[in-house]
Each structure stands twice: as C-alpha cells, then as structure tokens.
1. Full-extension gain between Lys94 and Val62, please, as 0.36 nm times their residue separation minus the C-alpha to C-alpha distance.
2. With +1 on each Lys and Arg Cβ and -1 on each Asp and Glu Cβ, how big is the dipole of segment 337-448 about its Cα centre, in debye rounded to the nearest 20?
3. Work out, step by step, the length gained on full extension between Ser534 and Gln577: first 0.36 nm times the residue separation, then minus their alpha carbon distance; give nm to one decimal.
4. Give me the net charge of Pro112's neighbourhood, meaning all other residues with Cβ under 10 Å from the Cβ of Pro112; Lys, Arg count +1, Asp, Glu -1.
5. Cross-link partners among aspartates and glutamates for Lys184, C-alpha distance below 17 Å, same-chain residues fewer than 8 apart left out?
6. Residues with amide H under 5 Å of Ile328's amide H, sequence separation 5 or more or different chain, H placed in the peptide plane at 1.01 Å from N; which?
7. Out of Phe50, Asn278, Gly299, whose Cα points farthest toward the positive end of the dipole of the chain (charges: +1 Lys, Arg; -1 Asp, Glu; placed on Cβ)?
8. May I ask you to derive the FRET efficiency for Tyr261 and Thr113 from their Cβ-Cβ distance with R0 = 22 Å, giving the value to the nearest 0.05?
Amino acid sequence: MREKILQNKSLHFIAALLLLLLGFIHTASSQDWKLIQPLYPTNGTFVSRFSVADYGATGDGVTDVTTIFQERLNALGTLGGGTLFVPSGKYVIKGTLLIPKGITLRGEWEKPTKGQAIKGTILMAYTGRGNENATPFITMETSAAIMDLSIWYPEQTADNITPYSPAIVFGKPNYFGNEYCNAKNITLVNAYSGVIFSRLNGGTCPVINGVYGTPLSRGIEIDNIVDVGRIDWVDFSPAYWAGSGLPGSPAAGSAYANWIYQNGTGIVMRRNDWSYANYVTIDGYNKGFHAAPSIPSAGATPNGHNAYMTFKNCKTGIYMEVDNTVGIMFTKVKLENCETGIWAGPKTSGAMQFHSVTIDANDYAIKLEAGSTTRFMMQQSTITRGKVSALGSTFNVSNNNFNNSAPQITIGADARAIITGNRFKSTVNIENKSNFQCAIDHTPITGIKVLPEFPEMVPETHKPAKQVLYVVTDAPYNAKADGITDNTTAIQSAINAAGNGGGGIVFLPPGKYKVLGNLTVPAGVELKGSSDVSSTPTGPGSIIEVYAGKGNASGTPFLKLAANSGIRGITFNYPEQMAN
C-alpha cells in the first residue's frame, strides 16, 4: 500500500513537472519573437522568430550553412508564418533553398552604389553551375518574400561567363498557386539569371521592388502570369560587380562588360496581364527591355504600362519581338547612346504607344521591320539622334520633335503612315516609299496639353513612436491563437500598454485570433502581424477573425486607427460571412 502511495506521488510529481516544463516551453516560445534593429535603415518595423546566427551560421564565408537556413525556413513554415533573419556576413550556400508559403527570408542591406563595396548580408551561391535548367538557388512558394540581402556567385569568372540556374524563382514546380511572391531590396552581384517567374507554375501579382546589380544574362523575366505584376526601382549595370569589392570582381569595362553588351537583357516581359514597370535603369546591355513570346503559353504576348525608364549604352533599348492586341505603353522613357532606340520585329501585330519619350541613338532611333502590322503611336516625344525607319506597321506620330538629321523619317513600301503636327530642327525631308495613301501634314497641333509631371513614388518610412515590442501571446496579455478563445481583451490590453508606454509594436504571432469585440489603436502604436510584405490571404500568417458588427453596416468599425498609428501584415477574416 505504501509503495502504491509513493508510486502515485511520483506520477503526480512527474505530471506536475511536465506541466511546468510545457508552460516554460510555451512561455519561451512566445518570447522568442524579437524586434530586429538592422544595421541599415528600413522603411518599417521588423520582427523575427529565428536568426540563423542563433543556430550556428556565423557568416564566415567558409562554412556551408545550407542545412541551417533550410531547417529554420521549414520551422517557420510549420509555425505558419514569420521572418528568418540573416545578420550581416557572407554565408556559403552550397545547396538550394526553398522559402515556404508566407515566409520571409530577410537580411541587412544597404542600397548599393556603383563603384563601392557591397555591404550587409551576402548569400554565396554555388548551385546550378553550367546548367541553366538546374534547380534555382532560391525557390519561393506563394506569398513568400526575400528581402534586404545580396546574392553573389563566387565561382563565376568574369573572363569566361558560365551559365547558372536562376538566382530566384517565383513559384514551386508542381505546387498549386504562385501569388504575391516578393523580392525587395536585393543586390544581384553577378547572377547569371536574376529574378524569374516560374514557367512551370502560373500565378499572379509578382512584386519586384528595389533590385540592383549586374545580372549577366537576364535580370528579370516575367511569363505565365494572369494578373497584374509590379516592377519598381530596378537598376542594372556592369559597374555594380566591378565595384563590389568582392574577390574575383572584374576591372570596369573588361571582357565581362562586352559579354553583357552582346548577350545580356535587363527585363524580359513575356505573357503578363497588364503589368507595371516603373523607375527602371538598364545600362550597357544587349537589350534593355525585351517584349518576347510566352514559352509555356503558345501565342501569348506581353502588354502593360512602363514608365520612368532609362536605357543607356545598350545595343537596343526597347526590343519588341512581339506585342499585344490590347497594347503596350511606354511613358517618360529615355533612350541614351544606344545603337538602336526602339526596334519592332516582323511578328509585331498589336499596338505600342510611346509618350514623352526621348531618343538619342547612334544608328536607328526607331526601326520597324517589314512585315510588321503593329499600330505604332508616338506623341510629345523627341528624337535627338538616329534614323527613323518604318518599313512596316501603321506609323502614327503626332506632336513630336524630330531633331535628327534628314531624312528624318523613312516610310517603307509596306507601311502606312499618319505624320501630323511634328516639328523639325532641320529642313524636313520624309522619304515616303509607301504603296498606300499616307497623311503627312506639318501644321502645328494646338490645344493639346503637355503630359504633367508625376510625383516620384518613393517608398515612405512608417514606424511607431518607439521601437518596443509587445507580443500579444506573452504574459500578461496571454492571447491564444486557437480560433476559439475570445482575444478582445488580450489584444486591446497589449495595445493599451504600448500606447501608455509612448508607442511600440503590438505583434500577433501567426495563428487565428478570435475577436468578439472591437479594437482601437492609439497614436504611436503599430499593430503588426507576421508578414512583412503585401500579400493575399493564402492560409498562413496572423489572422484576426472578426465577429463584431454583424448585420449593422453603419455600426462601430471593428478597428479604429488614431492619427499616427498603423497596421501591417494582418489578415481579417469574417467567419460568419456566408458566400451564398
């Protein structure tokens, strides 16, 4: 009997110890979310669950840390969201990486300056040498992101350029969905192919923002997407690799630069759905912008709007192999010191529009090949140097400045032309060899307004009043992301604590937070979820389930934001809202 009592006491003790340990583990886990203070400025706050440095990745430029990176990425995928932080250093990745759905890989990054050394987090890539079709260095599932780091191929030789598989691919093969992958603040030191949208997994809405460097063969390639893509703030030039300060970097202007001029393309745009590309500079490439046919979708071609671009020292600035019936637009574009400014091939048959474009070309400012049936339209633009030859197409140019040498325009036998209201620096001479009736009239066009200047869209910095972290699942708030417990009081208490403390970040780890009441965020406080980027609700992440205000459209808003407060990276779901 006494032995049985002792046995029961031992079992109770073990059970109590297990509960204590589980509680400790839960508390430690909830407290492992950390506010990161990166070495270089960022536009927003930055919360991470894991740092690779805590798991043995020292960034020494020698030790292969592929396994450490992938294990931590997988762990975040299991958690349902979050950011893996990679401090400044050089990290050898001999293998490949897969960023799971909704996960961000983020380092420390300073915008590079041509001729100056690359700083911050540098991933050293070795995979895919000699095989463009090998597994990419980094593959991203839907809603994944890569931010604030540089990618460098140490074994790439400047005097003998070798193909590699792409550095970053949006979309995992044989995986349903490829939405809202993000690449932001990335330096491609010398990637053979930079950021590529998967040809094997169609999807939507890629976001590419702040990508710099010296991609050798292709900088960015878009194909196989069925909703709007966004490309902003891109700058590619041979100068970045030359000035990187990394071992093996070439002398400026050496053989590698000629290779890029003969073979490299800044942006390849294939099948898209009215994508936008803005604030792009491509310097020293064979093609600055290449409109090309889709590879997986036969007959599909690109459309979209491209603005505030500069193509300089390229063999061809804008290379239109194909175009789209709904049109492709270029606005506020500069083509400087290119052999050919704009070229349209014999397969073009849609529409292309150019507005407020300046062209300074060594050979052809514009060349439209025989066989082209595209509708070429250009307004309020200036041709400084270069021949203008429309051997095919319907060539419609109105209200432009032709400061090039005579003959300023040549119209081929297969072309149709409408040339009206243009201005000519030299005595006008138009060689009209067309077999069709053309309209040519130099009478000035009046009453047309000049396209207004659009303010430069620079990412704004939004941060709370204080860099202090409040995790809603920590004590004393103790929110539960189980989709069952009402978290109104827990979340609002954390928000109030941040407000009373003068500001801070109230963080919701990934999970479903049921909230029956309403929330109010005071000034100086940011309510933040696990995502650092724009995305769609694809499953993981920080989800607030809203119940308040049902049946009362004019009632109190679920969440109120005071002036100088913010919200970021959270999905709102209304479980009681029925689609039928």
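Each reported figure results from applying straightforward, stated rules to the coordinates on display, with no laboratory input. Note that the structure is a prediction, hence the values are computed from the model and not measured. Methodologically, a virtual Cβ is constructed for each residue, glycine included, from the backbone with ideal geometry; neighbour enumeration extends over all protein chains shown.
1. Length difference between fully extended and current span is 10.5 nm.
2. Working: 9 positive and 7 negative charges, 21 e Å.
That gives segment 337-448 a dipole magnitude of about 100 debye.
3. Values: separation 43, 0.36 × 43 = 15.48 nm, distance 2.37 nm.
Gain in length upon complete extension: 13.1 nm.
4. On the way: positive: Lys111, Lys114, Lys119; negative: Glu110, Asp235.
Taking every Cβ under 10 Å from that of Pro112, the sum is +1.
5. Hits, sequence-local ones excluded: Glu108, Glu110, Glu141, Asp148, Glu221, Asp232, Asp235, Glu460, Asp532.
6. Sorted by chain and number, the residues that satisfy this are Ala351, Met352, Gln353.
7. Selected residue: Phe50.
8. Plugging the Cβ-Cβ distance into 1/(1 + (r/R0)^6) gives 0.50.
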